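Trainee: Take a look at this one; I'll ask things after.
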Amino acid sequence: MEVTKWMVHVCVFLVIGVVHSQIVTQTDLNNIADNLIVKVDVIRNYDNGSLHLIKVTFNNKASKSLSGYNWKIYFYSFFIVEPSHILSKDGLYTKPDGYTLPNVNLKLMHENGCLFSMSPTSEFIGLPHNEKREITFSAALWAISKTDFPPNWYMAANGLNARVISSTKGDFVGEFTSDKQWKRKKADKYDPYSPSVRYHRYKTTNSNVQQIVVIPTPKEITNKDHTKLLDVSGNVTIVHNGLNEEAKFITDKYNFDIGKTASTSGVNIYLFINNSISSSEGYTLSVNPSARCVTISGKTNTGVFYGVQSLLSLLSLGNNLQQMEIRDEPRYEFRGMYVDVSRNFVSKTVLEKLMDAMAMYKLNKLHLHLADDEGWRIEIQGLPELTQIGSKRCHSERDGICLIPQLGSGPDTSTSGSGFYSIQEYKDILSYAKKCHIEVIPEIDTPGHARAAIIAMEARYRKYKNTNVTKAVKYRLIDPNDTSKYLTNQLFNDDAVNPCIESTYVFIEKVVSELKAMHTDAGHPLNIYHFGGDEVAKTAWVNSTKCEQLNFNFSGDTASIRNELKNYFTQRVANITFTHGLNMAGWEDGFNAGDGMPFDISMYQNQHIYSNAWDNVWEWGEARRAYNYANAGYKVIMSHATHLYFDHPYEPDPEERGLYWATRCTDSYKTFGFQPDNLYQNIDVTVMGASISRAGICKSNTTCPLLHKPKNIAGMQGHLWSETILSEDNFYYMVFPRLLALAERAWHKASWENVIDETLQNSMRKRDWDNFAETVGKKELKRLDDIGIKYRVPPPGASNEGGEIKLNTVFPGLNIEFSTDNQIWKTGTIRDTASTVFLRTKSADGRRTSRVVQFETSTSTAWTIQLSFTTITLCSFILYICLLRH
C-alpha cells in the first residue's frame, strides 16, 4: 500500500513536471509562436445589453506543450475586456490583479491602452501538442468587423525575446454569418450589402449622364464648342515670365518646350499673373483653337497653378482640346486633408503621393497629426528621447526603451507602429508641399493624447535626475504627486500632460520654436500650430497637488475642474503661439466651455483661432458647436465625422476595414452629398440607422443654433485616423476615391445645395452625382492609377431580372469579371446552369480587383450575364455610437 502511494506521488510529480515545464529557451518560444494556431470568433453582440462575447481557439501544432507559468500572450482590443471584472467600481482605472477566466485558469490583464494579456495561473493545465482549447470572454460594447481584432498577437516569456504568433499575422478572425455577429444591438438597422442591394444603390435612371469637364467642377464654363478642337500633339511652347514651377508641372508630363516668346508655327500655352482676378486662388483658362493657344491666368502663382491642374485634367482625355473658357475660384479658402501618422506611421513617399493627388484636385491644407498616445513622429532638436523612445513601439521588460505595443504593432519595431520623420525628411515634406501649393499644419496633441511625449520625457528625467536636477525637470510633463485616476476612451490611464506645471509650457515652447525653425529653413513658413485639445479624460488632474496650488476652484464637479484647467492651458499655449506670430488651431472639444459653447475668444491674442468641428453624431447634441463657435468668432473647419472621416468603412460589411463609432459606413456619395453651408440639412439617420428628421433633432435654436457669421466657416477637411491603417495599401484604400468627393464639395458649391424642397434637392443631387461618378469611373481613376495610387476598387452589384443577370458598379467604366468556381475569371456574356456566381470589379488599369462577392442567381435554369455599367443610387443610411472617437 505504501509503495503504491509512493508510486502515485512520483507519477503525479512527473506529470506535473512535464505539463508545467517552463519555456526556458528561445527555440521553444519560437516553436510555439510559429505553430500555435489562433482563431477568433465573435459569438454574439448585444450580450447582456452592452457586451460582446468572443471565442478564442488555440490549436497547438508545436512540438512542445504550451505549459509552465512564465509566459504571456498579448493581444489587442479596442474595448475593455471583461469590464465588470477588470474595471474598478467607478470604472476609472484597471484593477492590478486582472481577472481569472474560470475553467481554463488563464488570467486576463489590461496592460494599457488597447493592449491586454492572458497568462497562466498556478492551476493552469498545459496545452499539449496537437490539442485544442477554447476560451470565451466578454468585452464592452460590440465587435462587428474583422478589423476590430488587430493582428500580431505575440508571446513573451521571462528573459526571452517576444515573438509574434504567426497565425495572427493574416486572417485569423472567423466569418460573420449571423446578424448577432454583424449587428451592434437588436435595433441596428444595418446588414451587409448583398449584390442585389448594391445593384439597386448603383442603378440610375438618368438618360443624360455627362462627364464633368474638370473635377472639382469649375465655377463657370462658357463658349464651349466640341466641334472646334485644338490639337496639342505637335510643337507646343509654354510661354511665361517667372512661373517656372507652374510650367514644370506641365513639362513633367508632356514634352513641351518652355520659352519667353511665343512660337509662330505651333501651339502656345500662355501662363501669366492677372491682378484683376478677385480671388487669390482664382484663375481663368481659355482654349482658343482659332488662335492655336491656351491661356491661363491667375491672381497669384497659386491661381496659375490651379489653372495648370485644370489643363492637365483636360489633356488626360487626349490631345484634342475643345474650345472653352473657364472662370474658376474656390468655395473655401481652407480645403484640407488630415492624416494621423501617430497611431500608424506612413513614409514621406506616401505623403508626397498624397500631395500629388491633393494638388490634382486643388486641396491646399495638409494637417499632420504628429504626436499622440501611440507615437511621436517628428525629430525635435535637443530632445532626442522623443524619437529614440516615443517613436517606437515594442515589447520590453525595461522602462525607457520604447512605447508598449498597440493596435497590432507587435513586439518589435518592424511594423507601422514605429517610425518618425527626421528633421531633413520633414523639411523635404515641406518643400514638396510648397511645390504643390499646400500648407502643412503640424499637430502635437495636448494636453490629452500625449502619452508618447510623457513616456519620452520621463525617460529624459530619469537620465538626468541624479546628475542635474534642473535639467531633468526642465521638460517634465507630469506632476509625480498627482494621484488622479482615469481611463480615456482609448483605455489609457496616463496620457494627460499636467497644465499646472511650468515645465509643460517650456516643452511646448521648445516644440513650437523647433517646428517654426524647420518650416523657415524649408521656405515654407509656419502659419498655424494645432495643439490638439481633444478627449481629455474627465478626472484628469482632479488630485494634482500642483493644480491645487494654482487656486482653481476644486470644489465643483470634475467636468468644471477639467474645463477650468483646459481654459488655462489653451490660454498659455495661445500665448506661446502668439509670441511666434502664429495662429492656433485645435479640435472643438479643446475649446469647449460646456453646453455647446466655446471659451471666450477675446482671451486669445492670435489673429485667428481655428476649430475643427467634428462631433455631429446627431443624438449626442453637439453638432451645434460648429455654428456656436463660428458665431463666437472662431474660424471653423467643417470636419464632421459622419461624412468626412475616411477611417470609417465604405459599406456596412464585416470585411470592410475601419472603425464605425460615428457612422456605420461612409461612401463617396455620402461625402459628395455633404452640405457644409447647411449643417442640419445633413441630418439623416440615428446611430443605428433609423431615419430621423431635422425637426426631430432641431427642436430649438439651442439644439440647432442659426449661423449668423458664415464668413467664419473657414472651410472643410477630410480625415484619416489610422488605428486600422497598417500598410501603404490600407492608406490609399481608405482615402481614395473619397478624397475626390471631398475636393468637389470644398471647391465647388453645387446648385442643389440652395434648393429648399427636399425632394427636388435629392433629385438634383442624384443627377449631379451621376455625372460625377461617370467622370470618376471613366477618367479620374485612371489618373490615380498613373500616379501609383491604389484606390479602393468597389465590389459590383448584381440583379436577376427575368432570368437576365445584370451587373453594375458605382463608377461606370470599370470592368466586371465573373466566375462559377472562384478560380477561372471571364468577362463578356455567358450562359451557365450554375446557381451561384462569383463577381469582382477590376481597377481602371486592369491590374487590381475588388474583393470577391457571391451572387445567388435564385434559379437553376440557364441564365445570361450581361455587363452593364451604370451608376450609384446612394449609401444614405449611417451613423453609429461608441466611446471610441479616434
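Trainee: Which of Ser278, Ser290, Leu311 sits closest to the plus end of the dipole of the range 220-328, meaning its Cα is farthest towards the positive end, when Lys and Arg get +1 and Asp and Glu get -1 on the C-beta?
Mentor: Farthest towards the positive end: Ser290.
Trainee: Quick one: which residues, 5 or more positions from Val341 or on another chain, have an amide H under 5 Å from its amide H? H modelled 1.01 Å from N in the peptide plane, none for Pro or chain starts.
Mentor: His369
Trainee: Rounded to the nearest 500 deg cm²/dmol, what is the calculated helix-only ellipticity per residue at 222 nm for the chain, with -39500 (n - 2.57) per DSSP H run of length n ≥ 4?
Mentor: -7500 deg cm²/dmol
Trainee: In percent, what relative contact order does the range 2-182 have, based on Cα pairs under 8 Å that are 6 or more apart in sequence?
Mentor: 31 percent
Trainee: At what distance in angstrom do the alpha carbon centres of the range 335-380 and the range 408-474 lie from each other?
Mentor: Result: 14 Å between the Cα centres.
Trainee: To the nearest 20 debye, what is the magnitude of the charge dipole of the range 220-328 about its Cα centre, counting +1 on the Cβ of each Lys and Arg and -1 on the Cβ of each Asp and Glu?
Mentor: 160 debye
Trainee: Listing Ser416, Ser280, Ser65 from the residue with the fewest other Cβ atoms within 10 Å to the one with the most, what is the order?
Mentor: Sorted ascending by nearby Cβ count, the order is Ser280, Ser65, Ser416.
Trainee: With respect to the cross-link table entries Lys39/Lys61; Lys203/Lys806; Lys39/Lys132; Lys186/Lys538, which display a Cα-Cα separation exceeding 19 Å?
Mentor: Cα-Cα > 19 Å for Lys186/Lys538; rest within.
Trainee: Based on other C-beta atoms within 10 Å, arrange His719, His129 from fewest to most.
Mentor: By the 10 Å Cβ count, ascending, the order reads His129, His719.
Trainee: Follow-up question, since we're still on this one. Exposure proxy check: Tyr486, Tyr645 ranked by fewest other beta carbons within 10 Å?
Mentor: Tyr486, Tyr645
Trainee: Another one. Compute the relative contact order of the range 220-328 as a whole-number percentage, counting only Cα pairs closer than 8 Å that sit 6 or more residues apart in sequence.
Mentor: 36 percent
Trainee: Helix 758-775 sits at what angle to the longest principal axis of the chain, using alpha carbons and giving 0 to 90 degrees rounded to 10?
Mentor: 90 degrees
Trainee: While we're here: Send over the per residue convex hull volume for the range 2-182, Cα only, as a whole number of Å³.
Mentor: Measuring per residue, one finds 143 Å³ for the Cα hull of the range 2-182.
Trainee: State the Cα centre-to-centre distance between the range 516-578 and the range 47-111 in whole Å.
Mentor: Centre-to-centre (Cα) distance: 36 Å.
Trainee: Give, in nm to one decimal, the length gained when the segment between Asn701 and Gln607 is fully stretched (0.36 nm per residue of separation minus the Cα-Cα distance).
Mentor: 30.9 nm
Trainee: Turning to a different aspect of this structure: Please state the charge dipole magnitude for the chain, taken about the Cα centre, from unit charges on C-beta atoms (+1 on K and R, -1 on D and E), reported in debye and rounded to the nearest 20.
Mentor: 520 debye
Trainee: Return the sequence-ordered ³J(HN,Hα) values of the range 466-477 in whole Hz as given by the Karplus equation 6.51 cos²θ - 1.76 cosθ + 1.60 applied to θ = phi - 60°, using x for Gly and Pro.
Mentor: Each residue of the range 466-477 in turn: 8, 10, 7, 4, 4, 5, 5, 8, 4, 10, 5, 10 Hz.
Trainee: Follow-up question, since we're still on this one. I'd like the orientation of helix 502-521 relative to the chain: the angle between its Cα long axis and the longest Cα principal axis, in ° from 0 to 90, rounded to 10.
Mentor: Between helix and principal axis, roughly 40 degrees.
Trainee: Hey, what angle do you get for helix 451-464 against the long axis of the chain, alpha-carbon based, 0 to 90 degrees rounded to 10?
Mentor: Tilt relative to the chain: about 60 degrees.
Trainee: Could I ask something else about it? I'd like the distance separating the alpha-carbon centroids of the range 121-180 and the range 763-783, in whole Å.
Mentor: Taking the Cα centre of the range 763-783 as reference, the centre of the range 121-180 is 43 Å away.
Trainee: Aspartates and glutamates within cross-link reach of Lys516: Cα-Cα under 16 Å, excluding same-chain residues under 8 positions apart?
Mentor: Glu379, Glu425, Asp428, Glu439, Glu443
Trainee: So what are the radius of gyration and Dmax for the Cα set of the range 496-614, in Å?
Mentor: 14.8, 50
Trainee: Next question. Can you tell me, using C-alpha contacts under 8 Å and at least 6 residues apart, the relative contact order of the chain as a whole percent?
Mentor: Over the chain, the number comes to 12 percent.
Trainee: Related question: Please compute, for the alpha-carbon atoms of the chain, the extent along each of the three principal axes and give them in descending order in Å.
Mentor: 115, 79, 56
Trainee: Would you report the distance distribution of C-alpha pairs in the range 305-382 as whole percents per 10 angstrom bin, up to the bin with the largest distance?
Mentor: Result returned by the calculation: 15, 35, 26, 16, 7, 1.
Trainee: Still on this structure, please answer the following. Setting aside same-chain residues fewer than 8 positions from Lys183, which lysines have a Cα under 20 Å from its Cα?
Mentor: Within the straight-line limit of under 20 Å, Lys183 reaches these lysines: Lys55, Lys146.
Since every read-out is calculated from the coordinates, none of them should be taken as a lab result. Predicted, not measured: the structure shown is a model, and the values here were computed from it. Every residue, glycine among them, receives a Cβ derived from its backbone with ideal geometry; neighbour counts consider all protein chains shown.
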